Amino acid sequence: MQKRTLLLLRFVLILSTILVMTYSERDLNIASPGYAVALAYFISNLALYLIPETKFAVPAVSFAIFLTDLVAVSLAIYLSQGIQTDFYLIFFLIIFIASFAQDIRGSIPIAIVASIVYTWLVYRFNPGVSLMDSAILIKVPFLFIVSLISSYWATATRREIMERRKLETSARKLEDEVARITAEETELRRYSEMVINCVASGVIVVKDDGTITTINPEAARVLGVDQRDLTGRNIKSTQSLDMLWQKMAQAMNTNRSMERLQISIRNADNELVPIGLSLSPMHSPNTELSGCVGILRDLTEVKELERKLQHAERLSYLGKMATWVAHEIRNPLTAIDGFSQLLSYTRDPEKIEAFSKEIHRGTRRINHIIEDILTFARTRTRSGAVEIDLHRLMTEITEDIANVRVFIDGTAGAVVRGEEESLKSLFTNIITNSVEAMDKDPKIVVRFSKTKNWIVTEIVDNGRGISAENMQNLITPFFTTKSRGTGLGLAIVKKIVDDYQGKIEIKSEEGKGTTCRVYLPTQEDK
């Protein structure tokens, strides 16, 4: 029990004692001995204020205080002749206070001392009293009963107070921890938002139902919208973002990341913007799909640079072409001019026929050069796209090749959408190169296969192969190792494959033949 509480209860005890003494048989006046006892009792309580707080926690000190209370109350009873009144009730008050200050180990000894003192006082004022008298038989056991009950109640109250304090302490700690975690979470959220807002690429995050939860300033700029207008809205309600949502839904449905996608969207100004896109499904802590994260990049400048680069390449090729055409066409033109002049000076039928053949050969050479140039320069049109069976097309291309064994195997359902003439030119150039590169026992194997996104045509020959040095310039326009080649064959192949948004792989080793794989998309936009 705290010092302050104990002294306050003792004041109540002292006042009760003085009150009872005042209404006793002898009354309370200044000249009486009881007055001196009451005054000393009151002063003792004031003196206890001088004792340090820590001393009151010592059981011996508390016991000495309560023992002093018993002596003072007993003297008051003795001097005021109060044994015949209800003065004994003050003993219950002492025992009650002792039960609160100490546990049962402190209250029982006080009850024993109080019983002894009370019994002595009874015998002192009534020498012939019997132990069976109600003054002893009933009142003395009650002292112990009050001690037990008050000790139990005090212990339970003390335990409840301690538990309440523990709960209050735990609640305070919990509140402090919650406040700390909330502050850290707020700081982390601010930091994350700052990082996302500083990222050079656009970042957009949607829930699985399409609700936009995060969009950084760069993404808002690329999409041509206000950042605050999109946050919290459903992406499906924005018509210009339909293509973006389709790709995000595809990533979430397949639960797979998608990288290096390219889509085009219309911004708020109705301008078509090319966008590079990477998508990653987002999962909650219990591994359930919760949404999708998209990384956007505006490809407008990249596309413009690509266009300028292609333009520069075309200008470069145009310069090379002018030089090459002047050189290549001059030779057959010189021959045509010479033989045409000779025709005017001869009447010999055999010479006329020979000169005519040379003129015809020269015109065919010029026509071949022009055809290659036109094919290389021609832009693929989409209006004439039809379904083409590559198995059938390759059979037609190879059926008239003489002295070469051709084997075609693989899926007969290798069908793509495109223009038959461009695809025929593509594979004819590859087959022609393979035929011209073979000497002994020429053999070409054509295989078809199909993946999720590609129709793959593999052409394998057993020719001379290609050196590592020549592989670096293989598809460069006007590069050729043939004496009468135009150097546009594989350049035409590469251009046609690019027009179809496909790809080509060429692997070769000198003396071990060449393998060429052409990848064409399974589906194309019409």
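The values are calculated or read from the model by the stated rules, or taken from the named source; none is laboratory data. Everything quoted here is computed from the prediction, not taken from an experiment. Because the Cβ atoms are built from the backbone with ideal geometry, glycine has one as well, and the counts that use them run over all protein chains shown. To get the accessible areas, we keep the full protein, side chains included, count just its heavy atoms, and leave off ligands, DNA and RNA. Shrake-Rupley method; radii C 1.70, N 1.55, O 1.52, S 1.80 Å.
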Taking the range 129-144 and keeping only residues that are open to solvent by less than 80 Å² (accessible area, probe 1.4 Å) and either modelled with pLDDT of 75 or more or not aliphatic (A, V, I, L, M) (or both), one is left with SER130, ASP133, SER134, LYS139, PRO141, PHE144
Return a yes/no flag: does the range 100-111 have any residue that is open to solvent by 10 Å² or more (accessible area, probe 1.4 Å) and either in contact with a strand residue (DSSP E or B) (Cβ under 8 Å, 6 or more places away or on another chain) or at pLDDT 75 or above (or both). yes
Determine whether ARG256 is under 17 Å from the mean Cα position of the chain (by Cα), modelled with pLDDT of 85 or more and on the phi < 0 side of the Ramachandran plot. yes
State all residues of the range 36-63 that are open to solvent by 60 Å² or more (accessible area, probe 1.4 Å), in contact (Cβ under 8 Å) with a residue 12 or more places away in the chain and hydroxyl-bearing (Ser, Thr, Tyr); if no residue qualifies, say none. TYR49
The lone exception for ALA402 - which of (1) in contact (Cβ under 8 Å) with a residue 60 or more places away in the chain; (2) out of contact with any helix residue (DSSP H, G or I) (no Cβ under 6 Å at 6 or more places or on another chain); (3) aliphatic (A, V, I, L, M) it fails: (1)
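Got a sec? Which of ALA200, ALA183 is surrounded by fewer than 16 Cβ atoms within 10 Å (Cβ to Cβ), out of contact with any Phe, Trp or Tyr (no Cβ under 7 Å at 6 or more places or on another chain), of a type in the set (Gly, Ala, Ser) and free of Cβ contacts under 8 Å to residues at least 12 places away in the same chain? Show your work before the answer.
Values: ALA200 fails: free of Cβ contacts under 8 Å to residues at least 12 places away in the same chain.
Of ALA200, ALA183, the one residue that is surrounded by fewer than 16 Cβ atoms within 10 Å (Cβ to Cβ), out of contact with any Phe, Trp or Tyr (no Cβ under 7 Å at 6 or more places or on another chain), of a type in the set (Gly, Ala, Ser) and free of Cβ contacts under 8 Å to residues at least 12 places away in the same chain is ALA183.
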Within the set of pairs 6 or more residues apart or between chains, which connect a residue that is open to solvent by 20 Å² or more (accessible area, probe 1.4 Å) inside the range 435-463 to a residue that is of a type in the set (Ser, Thr, Tyr) with Cβ atoms less than 7 Å apart? ALA437/THR514; SER449/THR411; LYS450/THR411; ASN453/THR522; TRP454/TYR519; TRP454/THR522; GLU458/THR515; VAL460/THR515
Scanning for something over 20 Å from the mean Cα position of the chain (by Cα), farther than 20 Å from PRO281 by Cβ and charged (D, E, K, R), does the range 215-225 turn up at least one residue? yes
Can you confirm whether the range 261-275 contains a residue that is in contact (Cβ under 8 Å) with a residue 60 or more places away in the chain, surrounded by 15 or more Cβ atoms within 10 Å (Cβ to Cβ), among the basic types (Lys, Arg) and closer than 24 Å to GLN501 by Cα? no
Residues of the range 507-524 being part of a strand (DSSP E or B) and either touching a residue at least 40 places away in the same chain (Cβ under 8 Å) or in contact with a His (Cβ under 9 Å, 6 or more places away or on another chain) (or both), in sequence order, are SER508, THR514, THR515, CYS516, ARG517, VAL518, TYR519, LEU520, PRO521
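Does the range 435-485 hold any residues that are of a type in the set (Ser, Thr, Tyr) and either under 48 Å from the mean Cα position of the chain (by Cα) or at pLDDT 85 or above (or both), and which are they?
Step one: list which residues in the range 435-485 are of a type in the set (Ser, Thr, Tyr), which gives 449, 451, 457, 467, 476, 480-481, 483.
SER449, THR451, THR457, THR476 - these are the residues of the range 435-485 that are of a type in the set (Ser, Thr, Tyr) and either under 48 Å from the mean Cα position of the chain (by Cα) or at pLDDT 85 or above (or both).
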If you scan the range 329-345, which residues turn out to be open to solvent by less than 50 Å² (accessible area, probe 1.4 Å) and more than 11 Å from GLU358 (Cβ to Cβ)? ILE329
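Just name the residue that is modelled with the lowest pLDDT out of those in the range 396-414 that are within 46 Å of the chain's Cα centre (by Cα) and either surrounded by 16 or more Cβ atoms within 10 Å (Cβ to Cβ) or more than 16 Å from ARG517 (Cα to Cα) (or both).
Filtering the range 396-414 for residues within 46 Å of the chain's Cα centre (by Cα) gives 410-414.
This time we only want the ones that are either surrounded by 16 or more Cβ atoms within 10 Å (Cβ to Cβ) or more than 16 Å from ARG517 (Cα to Cα) (or both), so: 410, 412-414.
Details: GLY410: 69, ALA412: 62, GLY413: 69, ALA414: 83.
Among those residues, the one meeting the criterion is ALA412.
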